[in-house]
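First comes the structure, then the notes that go with it.
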Amino acid sequence: MLGEGILKGMAETAKNFAGSFVSEDRLTTVEYPEQRIPTFENARVFPFLVYDGSDWAAGMRCVACQICEKECPPKCIYIEKSQDKKPDFVGKPQFYPARFDIDVSVCMSCQICVEVCPFEAIKMDTEFELATDNRFGGLLLDREELAKSNEYYHRIHPTEADEVDARLNSEKAAAEAKAKAAAQAAAAKSADAAKPSPAKPAPSTGGED
């Protein structure tokens, strides 16, 4: 029937319009900013850097591997690697970003940086109120502005954050077990080397009856 699709669409619109007067589920608008719709857990806006503990500089997971910078389609990530190293979450010395900038005026929120990061160091934020009157410096976020705690990550993406923590804890436990086994093996080897050699019997002269 000609125009059947239009009629179905108008009927759906009329149903939602009438239902909005009696059901909150039918409400499609809110009086923003006084009223706000809760952000969905899988929402994504711009990236941020995750850090563990209370010190963002010491606890930053990023090791400046620069994979995200290379894979970023609009090339909005700028990283400079440090000259020295600091321990990562498993205690292994790693480089860290001396500079890590993201130009959010260029970022397309594709999440490719998150998908390619092998250290679970960069995630997508849900914060969207980033308007500024400084169209250049105000939209270029440095590493301190990008750094947000693991607790914040759990707050906005609880399901994903729990999975990431479980995986990182498993990797950390495996690394600690491997290091402990290696230390025990080295200690056992040192103990064996320190043991005195058994005395050799005196050679027989063959002159006794």
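Taking Lys148 as the anchor, which lysines have their alpha carbon closer than 23 Å to its alpha carbon, excluding any fewer than eight residues away along the same chain?
Lys148 reaches Lys70, Lys75, Lys81, Lys85, Lys86, Lys92, Lys123, Lys172.
Within the stretch 20-45, name every residue whose backbone N is under 14 Å away from a label modeled 7 Å from Cα of Glu129 along the Cβ vector.
31-39
How many nm is it between the label spots at Phe17 and Ser105, if each spot is 7 Å from the Cα in line with the beta carbon?
Here the answer is 4.2 nm between the modelled labels.
What do you get for trypsin sites (Lys or Arg not before Pro) in the stretch 54-101 restricted to DSSP loop and a cutoff of at most 15 other Cβ within 10 Å of the site's Cβ?
Values: sites: Arg61, Lys70, Lys75, Lys81, Lys85, Arg99; in loops: Arg61, Lys75, Lys85.
Passing sites in the stretch 54-101 are Lys75, Lys85.
Give the shape of the stretch 1-72 as rounded, prolate or oblate, defined through the alpha-carbon gyration tensor: a ≥ b ≥ c are the square roots of its eigenvalues, a/c under 1.5 means rounded, and otherwise the shape is prolate if a/b is larger than b/c and oblate if not. It would help to have the intermediate numbers written out before the result.
Values: a/c = 5.69, a/b = 2.26, b/c = 2.52.
It is oblate, given that a/c is not under 1.5 and a/b is not larger than b/c.
Just flag the GluC sites (Glu not before Pro) in the stretch 33-85 sitting in loop per DSSP whose Cβ has no more than 14 other Cβ atoms within 10 Å.
Glu34, Glu41
With runs of 4+ DSSP H residues as the only contributors, calculate the mean residue ellipticity of the chain at 222 nm using -39,500 (n - 2.57) per run, divided by the residue total and rounded to the nearest 500. Don't jump to the answer; show the numbers that get you there.
On the way: 7 runs with 78 residues, N = 209.
About -11500 deg cm²/dmol.
State the extension gain, in nm to one decimal, for the chain segment bounded by Glu24 and Gln83, taking 0.36 nm per residue of separation less the distance between their alpha-carbons.
Values: separation 59, 0.36 × 59 = 21.24 nm, distance 5.67 nm.
My answer for the length gained is 15.6 nm.
Amide H to amide H under 5 Å from Phe46: which residues, 5+ apart in sequence or cross-chain, H placed 1.01 Å off N in plane?
For Phe46, whose amide H was placed from the backbone, the distant partners under 5 Å are Asp125, Glu127.
Quick one: if the Förster radius is 30 Å, what FRET efficiency do Glu4 and Glu34 give, using the C-beta to C-beta distance and rounding to 0.05?
Working: r = 41 Å, r/R0 = 1.37.
Once rounded, the FRET efficiency stands at 0.15.
³J(HN,Hα) across the stretch 63-74 via Karplus (A = 6.51, B = -1.76, C = 1.60, θ = phi - 60°), whole Hz, x for Gly/Pro?
Coupling constants for the stretch 63-74: 10, 6, 6, 6, 5, 4, 5, 6, 8, 5, x, x Hz.
With axes computed from alpha carbons, what is the tilt in degrees of helix 158-194 against the longest principal axis of the chain, rounded to the nearest 10 within 0 to 90?
Roughly 10 degrees, rounded to the nearest 10.
Give me the angle, in degrees from 0 to 90, between the Cα long axis of helix 4-19 and the longest principal axis of the Cα atoms of the chain, rounded to the nearest 10.
Once rounded, one gets 90 degrees.
Starting from one equal scatterer on each C-alpha and no solvent at all, send me the Debye-based log10 I(q)/I(0) for the stretch 47-164 at q = 0.14 Å⁻¹, two decimals.
So the normalised log intensities are -0.56.
Only bridges with both residues in the chain count here: give the DSSP antiparallel percent, nearest 5. Could the numbers behind the result be given before it?
Values: 13 of 16 bridges.
If I count the DSSP bridges inside the chain, around 80 percent turn out antiparallel.
Can you list residues from other chains, or at least 5 along the same chain, whose modelled amide H is less than 5 Å from the amide H of Gln94?
Lys86, Asp88
Laboratory data are not the source of any read-out in this text; all were calculated from the coordinates shown. Owing to the predicted nature of the structure, the values given are computational and were not obtained by experimental measurement. Glycine gets a Cβ as well: all are built from the backbone with ideal geometry, and neighbour counts include every protein chain shown.
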